[in-house]
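Participant: Take a look at this one; I'll ask things after.
The values are calculated or read from the model by the stated rules, or taken from the named source; none is laboratory data. No experiment lies behind these values; they were computed from the predicted model shown. Virtual Cβ from ideal backbone geometry, glycine too; neighbours counted across all protein chains shown. Accessible surface is based on the protein model in full, side chains and every heavy atom, while ligands, DNA and RNA are left aside. Shrake-Rupley method; radii C 1.70, N 1.55, O 1.52, S 1.80 Å.
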Amino acid sequence: MKIVTTFLAVMTLSLLSCGLEDELDKAIIDISGEVSHDGNVVAGVLVLLVEGTTIADGFNLSNGSITDNSGRYSILGVEAGEYYLLAVDDSNGNLEFDAATDRLGFHGVNPQELDLEPDLITVADSDVENIDVISLYSL
């Protein structure tokens, strides 16, 4: 009888934790994607959600991440709202934008197709995936 009770307790906890994990995943919104340039992934790039697209806007940081070795990033715990996604290849790693050496890229910009307008990302109540930056450029 003790084995059956223990088994039932473990099964109940397993089911509850799966449900809790699913609920937590639904409550925490993530944005993910990849940063590349000329078809090659770029590691170590700062990826930021910003409210505007010009330096004059001050790039108000909402949230951010850094790309891994495969150029992938995931920004966790994003608040509902509208954002632009900015990638900064901080060449000297000083966490400051240096116009002479650092490169920028926005999601939705594709210079090969003369699409120079960044895409606005709307975050509502679910994860947003495949928000890629395909080109980095110097100012």
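Yes/no per residue for (1) at pLDDT 90 or above; (2) assigned to a helix (DSSP H, G or I); (3) surrounded by 12 or more Cβ atoms within 10 Å (Cβ to Cβ); (4) not β-branched (V, I, T):
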residue	(1), (2), (3), (4)
D22	no, yes, no, yes
F59	no, no, yes, yes
L85	yes, no, yes, yes
G93	no, no, no, yes
A99	no, no, no, yes
G108	yes, no, yes, yes
D125	no, no, no, yes
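Participant: In segment 127-139, how many residues are over 12 Å from V35 (Cα atoms), modelled with pLDDT of 90 or more and among the aliphatic types (A, V, I, L, M)?
Facilitator: Count: 1.
Participant: Another question, if that's okay. How many residues does segment 110-123 hold that are open to solvent by 80 Å² or more (accessible area, probe 1.4 Å) and part of a strand (DSSP E or B)?
Facilitator: Qualifying residue count for the region: 1.
Participant: Can you report the number of residues in segment 95-135 which are closer than 20 Å to N40 by Cβ, under 19 Å from the mean Cα position of the chain (by Cα) and not β-branched (V, I, T)?
Facilitator: 10
Participant: Oh, and also: Which numbered condition in (1) farther than 26 Å from E129 by Cα; (2) modelled with pLDDT of 55 or more is the only one that T5 fails?
Facilitator: Only one criterion in (1) farther than 26 Å from E129 by Cα; (2) modelled with pLDDT of 55 or more is unmet by T5, namely (2).
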